[in-house]
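A short worksheet on the structure shown next.
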Amino acid sequence: MVELTAEQRDIKMAAQEFAEKEFRDIARELEAKEEFDDRIWKKTAENGFLAVFVPEEYGGQGLGHFEQCLILEEFARVDLGITHQIDSTFFGAQFILFNGTEEQKKKYLPPVCEGKWRIGMASTEPEAGSDVASIATTATKDGDYYVLRGNKVFITNCTTSDFLVVLCVTTPEAKRKHERLGAIVVDTKSPGYEATTWHGKLSLRCSTTGDVAFNDMRVPRENLLGEEGKGFYYLMDFFNHTRLGVAAFGVGTAQGALDKAVAHVKKRKQFGATLAALGVVQTKIAEMGTMVETARSLLYRAALKADRGEIDPALVAMSKWYASEVAVKVADEAIQLHGGSGILVEYDVEHYWRDAKVLEIFEGTKEIEKLLIGRRLLGLH
């Protein structure tokens, strides 16, 4: 197990205390209303928990992805829906940090770190989910502008983001479809942008998700990030960092479900004793705890390597896949240990399973993660 520094322990504790104070009492209400309270986002920024990996010259704290994962883990331990909504406010900003010009970084990153702007990502399309290279949204050159046409789906914060980083076809003439894509920053207040919000989701109900349409939307060509034709490769590198955040979501969610299970079996009595006194329950708790610690170890190792500039795509994929799977399994067992009470909202445990399920799907399904791992181990990449 990784030994945390004194500063990292302080960060972890501060994040835990913040989440307990700001998330716990309001989470189920926000979920029922399918809305988010922007005051939580603002407080997160004010307390220095937003995009801590951004260098100080761009308004961040200059810490690492490891420290960001510590924060996300503790936040998700209380509520993943709120955590995801907060995290998604700077999702696209990470892409800009990796691929933007100096001028673009100075323009977009400080307001994000201050909690003034939200910058999301838009890559998924009706016919291009896991098959990112098949994106069909086009960006046609017209003088000093691109004209965007196309549709995106499953876009977080599509109705609330100030900007989106959009993956689209910028070089249709490329021979390989992986080399057709570019990434462009889009101002969502510009004419031609249309977004709608979904309702009735299984997971992350207080996090806004929906569809986007680009109707002949004109975007300055200076908003291109990096080079045309490199968008697919930029996105893969981006995912090698952001999937660490998803793994942190999984570890935190699993730990939160385990916490609930432990507290319940210690006080719930059956057959003349607490559930904790039963061997079958002790075995379940042992299995759950071991899975959580294993997932945490994978995450910490992958995040530390990333901060050393030694990105290991297979290790990142292992961490993301395993932490997501563990979150689902541990949450499922936590509900089982609660019995019938586990499906009731007031027992504050069923949401861990509902929210955990989406972790096996977004930012690379578990099947895609396993393919990536297998190819790397077999030397087929």
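The values are calculated or read from the model by the stated rules, or taken from the named source; none is laboratory data. These numbers come from a predicted model, not from an experiment. Ideal geometry is used to build each Cβ from the backbone, glycine not excepted, and the neighbour counts take in all protein chains shown.
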task: Examine the range 27-49 for a residue that is without any contact (Cβ under 8 Å) to a residue 60 or more places away in the chain, small (Gly, Ala, Ser), buried (at least 23 other Cβ atoms within 10 Å of the Cβ) and more than 23 Å from Arg301 (Cα to Cα), and state whether such a residue exists.
output: no
message: With the structure loaded, tell me whether Ser203 is within 30 Å of Leu359 (Cβ to Cβ), in a loop (DSSP other than H, G, I, E, B) and of a type outside the set (Lys, Arg) or whether it fails that test.
response: yes
task: Considering every residue within the range 153-160, establish whether at least one is closer than 24 Å to Glu103 by Cβ, surrounded by fewer than 19 Cβ atoms within 10 Å (Cβ to Cβ) and not basic (Lys, Arg).
output: no
- prompt: Condition test on Glu74, is it buried (at least 23 other Cβ atoms within 10 Å of the Cβ), acidic (Asp, Glu) and out of contact with any strand residue (DSSP E or B) (no Cβ under 9 Å at 6 or more places or on another chain)?
  reply: yes
- request: Sort through Thr197, Thr171, Thr140, Thr156 and tell me the only one that's under 27 Å from the mean Cα position of the chain (by Cα) and under 26 Å from Gln104 (Cα atoms).
  value: Thr156
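For every residue, the table says whether it meets (1) at pLDDT 95 or above; (2) touching a Cys at 6+ places or on another chain (Cβ under 7 Å); (3) not aromatic (Phe, Trp, Tyr).
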position: Asp25; (1), (2), (3): no, no, yes
position: Ala32; (1), (2), (3): no, no, yes
position: Gln68; (1), (2), (3): yes, no, yes
position: Ile71; (1), (2), (3): yes, no, yes
position: Ala76; (1), (2), (3): yes, no, yes
position: Phe98; (1), (2), (3): yes, no, no
position: Trp117; (1), (2), (3): yes, no, no
query: Out of the range 127-139, which residues are surrounded by 12 or more Cβ atoms within 10 Å (Cβ to Cβ) and assigned to a loop (DSSP other than H, G, I, E, B)?
result: Gly129, Ser130, Ile135, Ala136, Thr137
- line: Among the residues of the range 111-126, the number that are part of a helix (DSSP H, G or I) and either touching a helix residue (DSSP H, G or I) at 6+ places or on another chain (Cβ under 6 Å) or touching a residue at least 60 places away in the same chain (Cβ under 8 Å) (or both) is 2
field: Qualifying residue in the range 300-317 (condition: free of Cβ contacts under 8 Å to residues at least 12 places away in the same chain and small (Gly, Ala, Ser))
entry: yes
- prompt: Considering only residues of the range 256-304 that are of a type in the set (S, T, N, Q) and more than 21 Å from Gly64 (Cβ to Cβ), which is modelled with the lowest pLDDT?
  reply: Gln270
query: Does the range 162-199 hold any residues that are modelled with pLDDT under 95 and either part of a helix (DSSP H, G or I) or touching a helix residue (DSSP H, G or I) at 6+ places or on another chain (Cβ under 6 Å) (or both), and which are they?
result: Lys177, His178
